[in-house]
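Only one structure is covered here, and it is reproduced in the block below.
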Amino acid sequence: MASRRERRLWWISLVSLPVLLAGDYAINAWRDATEYMLRSELRVHQVTDGQTFAKATWALNQTRVIGDGRDTKITFPGQMRLLVVRLSAKAEEEIGDSWTQCQFALEDPTGRRWLPLDFILSGDISRDLDPKATPVDGCGAVSRQPPAKGASALIEEKFIVPAEAIPTLSAQLSFRSTRPDALSIPLGLK
């Protein structure tokens with residue numbers, strides 16, 4: 001038979017379990033809310049020549065609009081278009097963990113945002129557009145193996161966007177180490 005002390009410790013541990021669980025939920029909710037605030041309330045900075053962001057110099061490498069019949073024979077129904085955006089980055093310093101939790105999106109002046117297609121669909125589209133070319137990695141893949149100091153990297157993401165928004169879009173890039181600051185690069189498409 002259990003001693004009085006053992007029963008008392010058992011009751012104390014049983015009563016403390018809900019308190020510990022509530023504390024764990026509260027801490028995780030606070031962390032999630034903080035991370036959400038950092039992701040949603042960005043201070044956007046327009047890119048300028050030679051500007052360093054997250055220990056690299058960024059530039060718009062290529063943009064393609066697919067679905068209106070101009071770039072390829074592919075046409076999309078309605079007013080939706082596939083937009084392929086490629087950024088180049090030259091590492092000015094050792095990047096290390098500066099590129100973790102990469103977030104790449106498109107935004108128009110009214111605040112509407114478009115997130116990229118998932119990496120599986122993006123890879124399939126790359127193979128369909130040019131079967132002989134090696135697909136360029138997206139933001140998440142490149143952030144896991146950033147370039148060494150002095151080396152360059154390409155990041156390519158694909159978006160489905162309405163045709164009327166294309167002339168006003170800019171690419172926004174941020175990392176956990178830079179938030180709430182984000183880099184904005186106008187696409188300059190017509």
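Quick notes on this structure:
- Radius, Kirkwood style, for the chain when every pair of distinct Cα atoms is counted (Å): 19.3
- C-alpha long axis of helix 4-40 to longest principal axis of the chain, angle in °: 20
- With R₀ set to 45 Å, the beta-carbon distance separating Ala148 from Ser13 gives a calculated FRET efficiency near 0.30.
- Sites matching trypsin sites (Lys or Arg not before Pro) across the stretch 58-101 that sit in DSSP coil, with at most 14 neighbouring C-beta atoms within 10 Å: Arg70, Lys73
- Cross-link pairs Lys73/Lys158; Lys90/Lys190; Lys132/Lys158 - those with Cα-Cα distance over 25 Å: Lys90/Lys190
- Of all aspartates and glutamates in the structure, the ones whose alpha carbon falls short of 14 Å from that of Lys149, not counting any fewer than 8 places away in one chain, are Glu92, Glu93, Glu94, Asp97.
Bear in mind that the values in this text are calculations on the coordinates, not laboratory data. No experiment lies behind these values; they were computed from the predicted model shown. Positions of Cβ are generated from backbone atoms using ideal geometry, with glycine treated the same way; all protein chains shown enter the neighbour counts.
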